[in-house]
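One structure is given below, encoded as structure tokens.
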Amino acid sequence: MIKQEALYSGKAKTVYKTDDPEKLIMEFRNSLTAFDGKKKSEAPKKGYYNARISQTLFKLLEENGIKTHFNSMLSDTEMVVDAVEIVKIEVIVRNIAAGSLTKKYPFKTGEKLDPPIIIFDYKSDEFGDPMINDDMALAMGLATKAELAEIRKLSLKINSILIEYLAERNLLLPDFKLEFGRRKGKIVLADEISCDTCRFWDMTTGESLDKDVFRFDKGDLVAAYREVAKRIVPGIKL
Ligand code: 5GP
């Protein structure tokens, strides 16, 4: 496979074309941003830890019957993925109240949400990822009714699989963000599942082991990501 020009460069990842139109290369970079890009930094090995965490969780989900865009690792920070048409909806799954939910609504941080709450955001930097509902998604032509139902069903299944795997590693999953794509008429999981897109809390101490360490200056970001990688990725070289 031959890596070609960059197709898209986001805040933490760059996606490259390849000589195979069906395959892309997703590179996990060490850069990170928060608060709509207002806060920026670089963290050594962040791309490596996020790539390996994503790889492990995509494989876990595949083993449990969830179709993802993951193919293989090209290097420690580069993932070969299927080319998909991204659905412009960010799906947030919440199990424990944290973050924006506690700022905008009367939930207390740490409050258990049972059943989990699924939120759809319109994936748009221009509009600041506003929350939408099914009617808005349909009106904007983001997805069909059947696709929305499928995305909801898959998100709940992914949530259950991840909660169980993480609990065995003494981690709580308060919330996380998923993105889906269309491939050959089917909805598949795309993007990444990492410390940038999930909240991970140590089950014993409640300590944040995710991007909140950067967002809210809670300590050593690389140490937090390394700890998650150590618990999640079997045999990882730290
Ligand atoms: P919140 O709404 O509290 O800011 O985020 C909820 C969850 O979704 C967190 O785990 C957060 O990391 C993830 N999330 C929501 N929007 C984004 C986004 O635009 N980018 C990333 N990386 N994660 C997001």
- Item | Selection from the range 176-195 of residues that are touching an Asp or Glu at 6+ places or on another chain (Cβ under 8 Å) and within 10 Å of the ligand (Cβ to nearest atom) | Lys177, Leu178, Glu179, Asp191, Cys195
- Can you tell me which residues in the range 15-30 are touching a strand residue (DSSP E or B) at 6+ places or on another chain (Cβ under 8 Å) and either open to solvent by 20 Å² or more (accessible area, probe 1.4 Å) or free of Cβ contacts under 8 Å to residues at least 12 places away in the same chain (or both)? Val15, Tyr16, Lys17, Asp19, Glu22, Lys23, Leu24, Glu27, Arg29, Asn30
- Reported set for the range 54-90 where residues are in a strand (DSSP E or B), away from the ligand (no atom under 16 Å from the Cβ) and farther than 19 Å from Met1 by Cβ is Glu85
- Message: Go through (1) closer than 18 Å to Gly47 by Cα; (2) open to solvent by less than 10 Å² (accessible area, probe 1.4 Å); (3) touching a Phe, Trp or Tyr at 6+ places or on another chain (Cβ under 7 Å) for Leu221 and report which single condition fails.
- Response: (2)
- Of all residues in the range 24-53, which are of a type in the set (Asp, Glu) and outside any loop (DSSP other than H, G, I, E, B)? Glu27, Glu42
- Residue among Leu173, Leu142, Leu138 that is hydrophobic (A, V, I, L, M, F, W, C) and either within 14 Å of the ligand (Cβ to nearest atom) or open to solvent by less than 10 Å² (accessible area, probe 1.4 Å) (or both): Leu173
- For the range 153-168, pairs from a residue that is more than 16 Å from Ile117 (Cβ to Cβ) to a residue that is in a helix (DSSP H, G or I), with Cβ under 7 Å and 6 or more apart or across chains, are Ile161/Leu60; Ile161/Leu61; Tyr165/Leu60
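The values are calculated or read from the model by the stated rules, or taken from the named source; none is laboratory data. Source: prediction; values computed, not measured. Neighbour counts run over all protein chains shown; Cβ positions are idealised from the backbone, glycine included. These accessible areas exclude ligands, DNA and RNA; they are computed on the full protein's heavy atoms, side chains included. Shrake-Rupley method; radii C 1.70, N 1.55, O 1.52, S 1.80 Å.
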